[in-house]
Amino acid sequence: MTYVFSLRLRVAATLISGLMLSNVACARNEGHFAEQQVRHIATYFPGRMSGSPAELMTADYLHQQFASLGYKNNTRQFNTGFDWHNNDGQSRWHKLTATSVIAARAGSEPQEILIVAHLDTWRPQNSAEANQNLGGLRLQGVDDNASGLGVMLELAQQLSARPLHYGVRFVALSAGEQGMHGMDDYVARMSKKSRKIRCWLSISTA
C-alpha cells in the first residue's frame, strides 16, 4: 500500500514542481503520511455518502487538517440529490446537501494549480445495490476515494512551508460520484479570476 501512495505522490509532486518552479522534493518516507491519513479516514469515517453524517465528519476532519498545516480553508455546501429506483421501475428524487472542503495558499503569481479529490463514497441507487452491499453506510472506500484524500493531504503537507511560484488550491469535493454534479457546482461558482488556473490535477482511484 505504501508503494502505491509513494508512486502517486511522486507523480503528483513532479507535475506540481515543474509548474511551480520550486523544488518539491519528496522525503524518504514519502507516502507514509498519506497512508496514515487513508487508514484514519477509511476506519473512522465509513459510509461517506454525500449528505450523510459521515460526510460532515470527514469534511470537519479535513478542515482541521488543512488548518493545522496553515492553509486558509472553508467548507462549501450545495443542494443536490439522486434518483432512487424502486423495484417496480419507478424512481423517486431524494434531496440532500453535500459538503466540500476547499483549502488554498497563494503564490507569487496570481495563477494557481487546482488539485481535486472527491471525498464521498458510492451511494446505492436501488434496492438491489443496497442488498449487495454496494456502497452504503459500511463502505470504508479505501480506493474510492480515501487514498486520493491521503495523497492530497500529504501534498498539502509538503507544500505548506515552501515558497510557491503559483498558488495552490485543494478541493476535497463532495457529490463527486456519478450523477451528483459536485464538479458542475464547483465550476459554476468559480469567478473569472479563479478560472485562470495553471494546471488542473485530479487525484482519484475510482
Qualifying residues in region 166-203 (those that are closer than 21 Å to Gly70 by Cβ, modelled with pLDDT of 90 or more and of a type outside the set (A, V, I, L, M)) - the one surrounded by the most Cβ atoms within 10 Å (Cβ to Cβ) = Phe170
Within region 80-135, can you find the residues that are small (Gly, Ala, Ser) and closer than 24 Å to Asp60 by Cβ?
-> Gly81, Ala98, Ser100, Ala103, Ala104, Ala117, Gly135
Take the residues in region 46-66 that are under 23 Å from Gln158 (Cβ atoms) and touching a residue at least 24 places away in the same chain (Cβ under 8 Å), then tell me which one is surrounded by the most Cβ atoms within 10 Å (Cβ to Cβ).
-> Leu62
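Here is a check on your reading of the model: is Asp88 closer than 15 Å to Gln178 by Cα and either at pLDDT below 90 or exposed (fewer than 15 other Cβ atoms within 10 Å of the Cβ) (or both)?
On the way: closer than 15 Å to Gln178 by Cα: no; either at pLDDT below 90 or exposed (fewer than 15 other Cβ atoms within 10 Å of the Cβ) (or both): yes.
Considered against the rule, which asks whether it is closer than 15 Å to Gln178 by Cα and either at pLDDT below 90 or exposed (fewer than 15 other Cβ atoms within 10 Å of the Cβ) (or both), Asp88 comes out as no.
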Residue list for region 42-53, restricted to those being touching a helix residue (DSSP H, G or I) at 6+ places or on another chain (Cβ under 9 Å), within 17 Å of Arg123 (Cα to Cα) and part of a helix (DSSP H, G or I) | Ala42
Residues satisfying the stated conditions in region 85-131, i.e. hydrophobic (A, V, I, L, M, F, W, C) and part of a loop (DSSP other than H, G, I, E, B) | Ala106, Leu119, Trp122
Test result for Arg92, farther than 24 Å from Ile203 by Cβ and touching a strand residue (DSSP E or B) at 6+ places or on another chain (Cβ under 9 Å) = yes
What's the number of the condition Leu153 fails, among (1) within 20 Å of Ala42 (Cβ to Cβ); (2) of a type in the set (A, V, I, L, M); (3) in a loop (DSSP other than H, G, I, E, B); (4) modelled with pLDDT of 90 or more?
-> (3)
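The values are calculated or read from the model by the stated rules, or taken from the named source; none is laboratory data. Keep in mind the model is a prediction, meaning the values are calculated, not measured. For neighbour counting, all protein chains shown are included, and Cβ atoms are generated from backbone atoms with ideal geometry for every residue, glycine included.
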